[in-house]
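Report on one structure; see the data block that follows.
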Amino acid sequence: MVSKYMAEAIATFFLVFIGAGTAIAFPNGILEIALATGLALMVGVYATAHISGGHVNPAVTAGMWVTKRISSREAFIYIISQLIGAVSPGIFLLYVYPAQPANLGATDLAADISLGAGTLVETVLTFLLVFVVFALTADRRAPRSVYGAAIGLTVTASILMAGPLTGAALNPARAFGPAVAAWYWNNHVVYWIGPIIGGIVAGLVYSRFFLKNVRRKR
């Protein structure tokens, strides 16, 4: 079991270090941030899916938990592991950038986006992400070879669309790590409420309507 938790922590470290680090290096570079984050997630999923399932996101874990694909205890430790993996790169980035440019890559809402609108954007995009995760990892009919690329590309597309609006975290851990290091909590609740709701609803929808009569992947 320890190997699963370590895999989740390491993959989340990779995602946050690359995603937040690119946001610091290219504060206005949505394309660069989208590509770097999507590629990091793709690699992290491919590297850990055979060990831990490659959740790399508390919203994915919440979706797996509500559909009984993971126990409550395991889900809790997965999320703690992901948060530890997210805070660690934030501390590294704080050491590299003590002046905290771009708030160390912490996410925030655009000036003209309300709390409700931001939460809705994060909810919808995380729903789509977790729907893709379920389609490619929980459904035995799906091709096994493309899941990491499809998940990474979903995040890339989401950042291209919503990066200027909310930062398109789609992942509480991605938002949490840099926020701790920079101590920047503006609108932080958006990045928990939206993704967790989106992940839970996606898991329930896919299981209820697409997996009802289909055996799970082993």
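Quick rundown of the values:
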read-out: When residues of the range 26-57 are limited to those that are polar (S, T, N, Q) and assigned to a helix (DSSP H, G or I), the one nearest to the chain's Cα centre (by Cα); value: Thr37
read-out: Number of the condition not met by Gly199 [criteria: (1) modelled with pLDDT under 95; (2) part of a helix (DSSP H, G or I)]; value: (1)
read-out: Yes/no for Ser207 being within 20 Å of Ala49 (Cα to Cα) and out of contact with any helix residue (DSSP H, G or I) (no Cβ under 9 Å at 6 or more places or on another chain); value: no
read-out: Close pairs from the range 163-174: first assigned to a loop (DSSP other than H, G, I, E, B), partner acidic (Asp, Glu), Cβ under 8 Å, at least 6 apart; value: Gly167/Asp108; Ala168/Glu122; Ala169/Glu122; Leu170/Glu122
read-out: Leu204, sole failed condition from (1) farther than 25 Å from Gly85 by Cα; (2) not in a helix (DSSP H, G or I); value: (2)
read-out: Scan of the range 134-146 for residues that are of a type outside the set (D, E, K, R) and over 15 Å from the mean Cα position of the chain (by Cα), ordered by number; value: Ala135, Leu136, Thr137, Ala138, Ala142, Pro143, Ser145, Val146
read-out: Test: Ala23 is crowded, with 24+ Cβ neighbours inside 10 Å, in contact (Cβ under 8 Å) with a residue 60 or more places away in the chain, part of a helix (DSSP H, G or I) and more than 15 Å from the chain's Cα centre (by Cα); value: yes
read-out: Answer residue from the range 125-143, given it is free of Cβ contacts under 8 Å to residues at least 24 places away in the same chain and assigned to a helix (DSSP H, G or I) and is surrounded by the most Cβ atoms within 10 Å (Cβ to Cβ) among those; value: Leu136
read-out: Long-range neighbours under 6 Å by Cβ, at least six apart or interchain, first residue on the phi < 0 side of the Ramachandran plot within the range 185-201, second of a type in the set (D, E, K, R); value: Asn186/Asp108; Val190/Glu122; Gly194/Glu122; Pro195/Glu122
read-out: Scan of the range 99-124 for residues that are assigned to a helix (DSSP H, G or I) and in contact with a helix residue (DSSP H, G or I) (Cβ under 6 Å, 6 or more places away or on another chain), ordered by number; value: Pro101, Ala102, Asn103, Leu104, Gly105, Gly118, Thr119, Val121, Glu122, Thr123
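Quick grid of which residues meet (1) touching a Leu at 6+ places or on another chain (Cβ under 8 Å); (2) of a type in the set (S, T, N, Q):
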| position | (1), (2) |
| --- | --- |
| Ile80 | no, no |
| Leu83 | no, no |
| Gln100 | yes, yes |
| Leu125 | yes, no |
| Phe131 | no, no |
| Ala142 | yes, no |
| Thr154 | yes, yes |
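The values are calculated or read from the model by the stated rules, or taken from the named source; none is laboratory data. The structure displayed is predicted, hence computed values, not measured ones. Because the Cβ atoms are built from the backbone with ideal geometry, glycine has one as well, and the counts that use them run over all protein chains shown.
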